[in-house]
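Just so it is clear, none of the values below were taken in a lab; they were calculated from the coordinates. Here the structure is a predicted model, which means the values were calculated and not measured. Quick reminder, even Gly has a Cβ in these numbers, built from the backbone with ideal geometry, and neighbours come from all protein chains shown.
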There are 2 protein chains.
Amino acid sequence: MADRSTPGRQAAGRGATGKLIRGIAAALGAMLAATLLAACATAVRGTGDLGVVVERAAGRLQIVETTGMTRLATVDGLGDLSHASVVFSRDARYAYVFGRDGGLTRVDLLTARITRRVLQAGNSIGGAISQDGRLVAAQNYAPGGIRLFDAQTLEPLADLPAIGNDGRRAKVVGLADLPGRRFAASLFESGEIWIIDASDPRHPQVTRLPAGSEPYDGLVTPDGRWYLAGLFGEDGLALVDLWQTPPQARRILSGYGRGDTPLPVYKMPHLRGWAMAQGMAWLPAIGRHEVLVADPARGWQQTARVALAGQPVFVMARPDGRQVWVNFAFPHNDTVQVIDTATREVVRTLRPCRGVLHMEFTPKGEALWLSCRDDNRVEVYDTASLARIATLPADNPSGIFFTARAQRFGM
Amino acid sequence: MADRSTPGRQAAGRGATGKLIRGIAAALGAMLAATLLAACATAVRGTGDLGVVVERAAGRLQIVETTGMTRLATVDGLGDLSHASVVFSRDARYAYVFGRDGGLTRVDLLTARITRRVLQAGNSIGGAISQDGRLVAAQNYAPGGIRLFDAQTLEPLADLPAIGNDGRRAKVVGLADLPGRRFAASLFESGEIWIIDASDPRHPQVTRLPAGSEPYDGLVTPDGRWYLAGLFGEDGLALVDLWQTPPQARRILSGYGRGDTPLPVYKMPHLRGWAMAQGMAWLPAIGRHEVLVADPARGWQQTARVALAGQPVFVMARPDGRQVWVNFAFPHNDTVQVIDTATREVVRTLRPCRGVLHMEFTPKGEALWLSCRDDNRVEVYDTASLARIATLPADNPSGIFFTARAQRFGM
């Protein structure tokens, strides 16, 4: 007893066992720490240069970064992503993905995990996020309408069935966020533009404007002042000056070209892609091999047309407005053209790959990313040299969306 | 031996000791994990809604976020921050702080730590970051010149002494980033504008343009096309169309107001604050109680003047261009005025506090933050209601800078 209880022996005993325990604990601790730090290091990063690439067939997102031009992670389980679109939280951490099947999913770009997911409609065509980042709005084909959600929780706040003046439910297109916690949208069948004030998000107020026949998409200009809707049922566009009180829709560019001899339309242009550059609007002409240039300062009159290689789909201005890039409908969907907005001439015709579906500029426009659906890759171009500078593998990629959209209207 | 070596006893022995070891290891591991996770959780966040407030007297930065309108952390040890300015890395994680004492410091906004710091000059007046985010440029008073640094390491890459055509070294002002890895800057004493092509950052190429007498500050328009320098030595401004080949500086707004009866100038306006809204430039008139409105589409002619409460210092457009906010030189530096750009009228005169030094809009403009130097606080306004919605304590705050600047030219 005495022997075993002497402080010296105890200390020695503790010393031996303790050493072992401490050694093992230290080893375990180190392993744990390393694992945690690795996970932590992955997630600790700025989000200003992040983005997502939609892999439509796989129902998957790639998370990418535009500084090193690499893929960081993938996120599965997003449902039907054909025609999917994406908006971002104001801290640029979360992507809200609007799936064609009505799925609305909030993805954490830092941990590459789904944090919330709701099935909010049967057939959805995109969405928007409010100026203050607190509300997410979805535009639905079926049931036709607009639904508002809390951006944090995806709790439903309001449901606006798109019932037009004809008393019937319409498909909703062209939803865009406006300054002042408002949204604008268009109703296809009833030919209306709605301005939605969501100051009280559980009781949004709607101003209904007659717009024209079959608005098929819409956009808001980067300054949030003008809302434009393309009309499929007639030859022209509907325009709303959102600074006017009360706002009214008027017709512009009537007879701009579908007129006498309309060409078959292979793919509807996407108006979200309409570009503002050097104070002018660069608009894809439906069915024609042209971009129209219109001047907002002169009543939106047409000031020029630029002849192109095919029917334009996306017409996108480089952030500095010096270039406009255009992709095309089938059978010219292997082609991309670059217009110099100073000379209004095509300065380069690229044939990057088969099935160019979408394009996205880096925030300050030094590079452009484009998706090659049928060649299963994404390509990156230097917009100064027009040379390809990177290629990333992707499974049937469609939309490409960068987080800088969080800080711009109508994106 | 046999007893002690039976598998059963060994297992039991391992069971007892092992339990203890595992218990201790688990406890240590849990502590370690908790500590790491806490540190990690702090640092794992989006950076799109971050910003910094300069506490000039304390040589300290506050790191703030604009979603909840709170202070997240402070960073000390930044030297002399009077007249300090800040640019951001393209991933919106790092702030580059240009101190008056020539200190250039790279601060990690996520960990609130200084990651690099160099003393690069004796007297510095700000800087810029290249379009691709790879180069940081500092503009120095003494020794007069521009220095280029690797944005990652702050390794010096090039030193451009500002030696004008008169053979003497000038102070550099109005440094701004341009599309295509270029910068523009002005030389005060020699009256030159320099366009710097940093494609090869160790051997930048300089184009020198005679600009006029004593350019005291400069800016580039948000589209990167126009560079303007205010002239202190004569009544007008110098303008460069950067799309022109070769570029030339010409005089605009000659005789705009300093003319016949110049008022004493209490504080030079900051041209970085010049605002583009609705296609017009809103310019502080030196020494006069006015903002000038000029139209780039009509040769930069003056189209209007708006009378104000004092000598304007910063004239800043809300991102949608519907409002312009103005602060003033002493003795009107307790006042801020809001102009409606549609009617060109002052719609509100605020008296927030003593010593309003700087203002910054949130990325989509729903709020404006302003610094109250002499009242030791920062105030936040809702730009729709014009009501104050938050107040944050701050020690002699001056500049306020949000990370959205990373994605804009001239910021």
Problem - Spacing of the two label points (7 Å from each Cα toward its C-beta) at A:Ala27 and B:Arg348, in nm - result: 6.6
Problem - Rounded if a/c under 1.5, otherwise prolate or oblate - chain A, Cα gyration tensor axes - result: prolate
Fill in the blank from the handout: Whole-Hz Karplus couplings 3J(HN,Hα) for region B:218-224, θ = phi - 60° and coefficients 6.51, -1.76, 1.60, Gly and Pro as x, run x, 8, 10, 5, x, 8, x
Handout entry: In sequence order, calculated HN-Hα J values of region B:288-299 (Karplus, 6.51, -1.76, 1.60; Hz; x Gly/Pro)
Key = 10, 8, 8, 10, 9, 10, 10, 10, x, 6, 10, x
Exercise for the section: Any chance you could give the angle, 0 to 90 degrees and rounded to 10, that helix B:7-43 forms with the longest Cα principal axis of chain B? Expected result: 10
Handout entry: Amide H within-cut-off set for B:Asp217, under 5 Å, with H built and near neighbours excluded
Key = B:Gly230
Completion exercise
Interchain or sequence-distant (5+) residues whose placed amide H lies within less than 5 Å of the amide H of B:Ser85 are B:Phe98
Problem - Proximal charge balance of B:Thr153 [Cβ under 13 Å; K/R count +1, D/E count -1] - result: +2
Fill in the blank from the handout: Computed ³J(HN,Hα) along region A:308-325: with the Karplus parameters 6.51/-1.76/1.60, θ = phi - 60°, integer Hz and x for glycine or proline, the list is 10, 7, x, 7, x, 10, 9, 10, 10, 8, 4, x, 8, x, 7, 10, 10, 9
Completion exercise
Note to self, chain A gives a 222 nm [θ] from helices alone (DSSP H runs n ≥ 4, -39500 (n - 2.57) apiece, / all residues, nearest 500) of -3500 deg cm²/dmol
Exercise for the section: About the Cα centre of region A:132-270, how large is the charge dipole given +1 on each Lys and Arg Cβ and -1 on each Asp and Glu Cβ? Please answer in debye to the nearest 20. Expected result: 40
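Before anything else, pin down the relative contact order of region B:120-269: Cα pairs under 8 Å, at least 6 apart, normalised by residue count, whole percent.
Values: 373 pairs, mean separation 19.9, N = 150.
Value for region B:120-269: 13 percent.
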Practice task
Determine the shielding of peptide B:311-322 by partner chains: average, over its residues, the number of Cβ atoms on other chains within 10 angstrom of each Cβ.
Solution key: 3
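Over region A:62-146, what is the relative contact order in percent, taking alpha-carbon pairs closer than 8 angstrom and at least six residues apart?
Working: 187 pairs, mean separation 17.6, N = 85.
Taking the mean separation of contacting Cα pairs over the length of region A:62-146, I get 21 percent.
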Exercise for the section: Using a/c under 1.5 as the rounded threshold, could you call the protein assembly as shown rounded, prolate or oblate? The axes a ≥ b ≥ c are square roots of the C-alpha gyration tensor eigenvalues, and prolate needs a/b larger than b/c, oblate otherwise. Expected result: oblate
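Please label the shape of region B:77-151 as rounded, prolate or oblate, based on the square roots a ≥ b ≥ c of the eigenvalues of the alpha-carbon gyration tensor (a/c under 1.5 means rounded; beyond that, a/b larger than b/c means prolate, else oblate). Walk me through the numbers before you get to the answer.
On the way: a/c = 2.11, a/b = 1.29, b/c = 1.64.
Oblate shape, in that a/c is at least 1.5 and b/c is the bigger or equal ratio.
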Problem - Only Lys, Arg (+1) and Asp, Glu (-1) charged, at Cβ; the protein assembly as shown dipole about Cα centre in debye - result: 2360
Practice task
Just name one of A:Thr207, A:Gly399, A:Ala30: the one whose Cα is farthest towards the positive end of the charge dipole of chain A (beta-carbon charges, Lys/Arg +1, Asp/Glu -1).
Solution key: A:Ala30
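With +1 on each Lys and Arg Cβ and -1 on each Asp and Glu Cβ, how big is the dipole of region A:262-411 about its Cα centre, in debye rounded to the nearest 20?
With Lys and Arg at +1 and Asp and Glu at -1, about 240 debye.
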Exercise for the section: May I ask for the net charge around A:Ile389, where only other residues with Cβ less than 12 Å from the Cβ of A:Ile389 are counted and Lys, Arg are +1 while Asp, Glu are -1? Expected result: -3
Fill in the blank from the handout: Other residues with Cβ under 10 Å from the Cβ of A:Asn376 give, with Lys and Arg +1 and Asp and Glu -1, a net charge of -1
Handout entry: Under 5 Å, built H, 5+ apart or other chain: amide partners of A:Thr47
Key = B:Thr47, B:Gly48
Exercise for the section: With unit charges on the beta carbon (Lys/Arg positive, Asp/Glu negative), name the residue among B:Ser85, A:Thr153, B:Val346 whose Cα is farthest towards the positive pole of the charge dipole of the protein assembly as shown. Expected result: A:Thr153
Handout entry: Unit charges at the beta carbon, dipole of chain B: most positive-side option, B:Ala112, B:Val44, B:Pro246
Key = B:Val44
